[in-house]
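The values are calculated or read from the model by the stated rules, or taken from the named source; none is laboratory data. All figures in this text were calculated on a predicted structure; none of them were measured in a lab. Cβ: placed from backbone, ideal geometry, glycine included. Neighbour counts: every protein chain shown. Accessible surface areas use protein heavy atoms only, side chains included; no ligands, DNA or RNA. Shrake-Rupley method; radii C 1.70, N 1.55, O 1.52, S 1.80 Å.
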Amino acid sequence: MARAFADFPDPQADWSLPGWLYTDPEYFGVEMERVIRPSWQIVCHQSQIARAGDFHTIDYLGESVIVMRGDDGEVRGFSNVCRHRAMRLVEGPSGCARKLVCPYHAWTYASDGRLTGVPVKGDYPALRLEDNGLAPVEVEIWRGFVFVRLESDGGPSVAAMMAPYDHEIAPYRFEDMRCISPARLRDRAVNWKNVGDNYSDNLHIPVAHDGLTRLFGKSYAIEARAYVDKMSGQIVDRPSGNPWERFYQKHLPRVDHLPEGNQRLWLYYKLWPNMAFDLYADQIDFMQWLPTGPTACVLREMAFALPDDRREMRLVRYANWRINRVVNAEDTWLIERVQRGIASRSYTAGPIGASEVCLRSFARKIRALIPEARLPRAPAPGWSRRPRSA
């Protein structure tokens, strides 16, 4: 059933999510079932699986998913699990194979997921090839990017979630972009929500990110829609005292496909519940924070851009990376210390300011999906196994 989160009253709207939601193993299991399994996750760009047999994988929540271009040109998603004895079919983030051959017993699957070959097929009395193709996984291609979700609960498509901002994104020509930095994985010893909260926190920018403050001045702005948070800032003309920031300010070249107002604009969209992408005139960065445990997650990051061989563009993209490396280090320092504090028995929930619209929006959705998230402290063990109230 599609959820209209705005229809749920939120008596705790002025308060953050309580600390126990960031550490409790039982709550973590419920959250994975109700929040992450039904959510969309980006895998790759369609240009990375351009030929028949090209595939990319993504691993999360104990699942491995393959997205693969079929001989008919269609992109499909499958569970990376052989239907015979559950062997993983492929290893690694990407590859190309006209057929998927299980390395355990050589069961063979076509690029559309059909089971096409079984050694000594007559040895299996119950086997029907047509009933044992690879388990399908839902796929959506939005503006050239390939997304999957493990389960559908009737929630909206990626296109529907991004619809309020589609007109802003259109000039960037996502469909024509190419990968300039393959997926990087970085482990973090924090709850996944801690990462997302930090990325949606507007008030810490002038306090903890000197570089962003130098680059954007007072132009930093935020807003929240039903499924998307938006942040933005205009690069100021006043030269920064930092050499990489100053280089980026001075040498960012004009890109003809963008409107004048976007030439020095930074845009950031955080897509429910655990993805975000940064738009710059020179490139875009995708990131996910995939849960791996109650107090652990992995950041998955990729960068894409339109082909541009100008030397100044290559140098500006390098400067962009140097700037963001510092910002990422600052954010890592912050979230690690928040995770320690949030585990303290002295902490329940903190007040949220009226301006913190993104944090309010995220907390509202979590409380709507999991009513126990309204409790200041964890209920007695076993609460998740009791019947849910209507």
Answer yes or no as to whether Y27 is within 26 Å of the chain's Cα centre (by Cα), aromatic (F, W, Y) and at negative phi.
-> yes
Please find, within segment 30-77, the residue that is nearest to A378 (Cα to Cα) out of those that are part of a helix (DSSP H, G or I) and open to solvent by 10 Å² or more (accessible area, probe 1.4 Å).
-> V30
How many residues are surrounded by 21 or more Cβ atoms within 10 Å (Cβ to Cβ) and under 21 Å from T292 (Cβ atoms) when one looks only at segment 78-111?
-> 1
Among the numbered conditions (1) touching a strand residue (DSSP E or B) at 6+ places or on another chain (Cβ under 6 Å); (2) closer than 25 Å to A163 by Cα, tell me where E74 comes up short.
-> (1)
Return yes when V148 is touching a residue at least 60 places away in the same chain (Cβ under 8 Å), part of a strand (DSSP E or B), open to solvent by less than 40 Å² (accessible area, probe 1.4 Å) and of a type in the set (A, V, I, L, M, F, W, C) and no when it is not.
-> yes
Segment 254-296, subset over 23 Å from H45 (Cβ atoms) and touching an Asp or Glu at 6+ places or on another chain (Cβ under 9 Å), residue most open to solvent (accessible area, probe 1.4 Å) | T292
Considering residues of segment 344-390 that are more than 17 Å from D10 (Cβ to Cβ) and aliphatic (A, V, I, L, M) only, the residue surrounded by the most Cβ atoms within 10 Å (Cβ to Cβ) = A378
Among E223, E245, the single one that is surrounded by fewer than 16 Cβ atoms within 10 Å (Cβ to Cβ) and modelled with pLDDT of 95 or more is E223
Subset of segment 187-204 that is out of contact with any strand residue (DSSP E or B) (no Cβ under 9 Å at 6 or more places or on another chain) and in a helix (DSSP H, G or I) - its residue that is nearest to E245 (Cα to Cα) | N198
Quick check: is even one residue across segment 317-331 open to solvent by less than 50 Å² (accessible area, probe 1.4 Å), modelled with pLDDT of 95 or more and touching a Lys or Arg at 6+ places or on another chain (Cβ under 8 Å)?
-> no
What's the number of the condition D201 fails, among (1) among the acidic types (D, E); (2) surrounded by 12 or more Cβ atoms within 10 Å (Cβ to Cβ); (3) over 28 Å from R322 (Cα atoms)?
-> (3)
Has segment 301-311 got any residue that is of a type outside the set (V, I, T), open to solvent by 20 Å² or more (accessible area, probe 1.4 Å) and outside any loop (DSSP other than H, G, I, E, B)?
-> yes
